[in-house]
Amino acid sequence: MRSLSPPESVHALPLAGLRSPEVTFWSVWENGELLGCGALKQLDAQHGEIKSMRTASRHLRNGVARAMLQHILAEARRRRYRRLSLETGSQPGFEPARQLYAGAGFTACGPFADYIDDPNSVFLTKEL
């Protein structure tokens, strides 16, 4: 992400942010190898945010991100969130991510939570 976006437009959570009480973090492993990760941040009682979705480069296009997204969606529904939102990049390198989210029913929205309009960001949301 840092190689594709200017520093002021990188919204990945640092390790301390992933450890905060409102964030749940998952990782996908196979035979002791990390395949990917993702997190769900509670914004309020009815709204969650997908954070830190990543797939290890050698496992891209193998369904890791799709599986993680389905897991996060299921957890958001279990928590009875009414909406799930996310921020991703607008650069061409983020196109696969935008396609993944669009395929799962996410649609464009404006900035939410503490985000501001940024030409390097795409904001997406899904009613659950």
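Computed from the coordinates by the stated procedures, all read-outs in this text should not be read as laboratory data. The structure presented is a predicted model; accordingly, all values stated were derived computationally and were not measured. In this analysis, Cβ positions are derived from the backbone assuming ideal geometry, glycine residues included, and neighbour counts consider all displayed protein chains.
For this structure, a couple of remarks:
- Charged-residue dipole, Cβ positions (Lys, Arg, Asp, Glu), the chain about Cα centre, Debye nearest 20: 460 debye
- Ranking 113, 21, 74 by Cα position along the charge dipole of region 7-127, where only Lys, Arg, Asp and Glu carry charges on their C-beta atoms, puts 74 farthest toward the positive end.
- Cα gyration tensor, the chain - rounded (a/c under 1.5), prolate or oblate: rounded
- Seen from residue 46, the other residues with C-beta closer than 11 Å to its C-beta sum to a net charge of +2, counting Lys and Arg as +1 and Asp and Glu as -1.
- Its DSSP H runs of at least 4 residues, each contributing -39,500 (n - 2.57), put the calculated 222 nm mean residue ellipticity of the chain at -6500 deg cm²/dmol, to the nearest 500.
- Cβ charges +1 (Lys, Arg) and -1 (Asp, Glu), total dipole of region 31-88, debye: 200 debye
- When the charge dipole of the chain is built from unit charges on Cβ atoms (+1 for Lys and Arg, -1 for Asp and Glu) and taken about the Cα centre, the candidate among 101, 32, 55 whose Cα reaches farthest toward its positive end is 32.
- The loop-placed trypsin sites (Lys or Arg not before Pro) in region 17-105, going by DSSP, that have at most 15 neighbouring Cβ atoms within 10 Å of their Cβ come out as 19, 61, 79, 80, 82.
- Additional length obtainable on full extension of the chain from residue 127 to residue 60, 0.36 nm per residue less Cα span: 21.4 nm
- Considering only alpha-carbon pairs that sit under 8 angstrom and 6 or more positions apart, the relative contact order computed for the chain is 21 percent.
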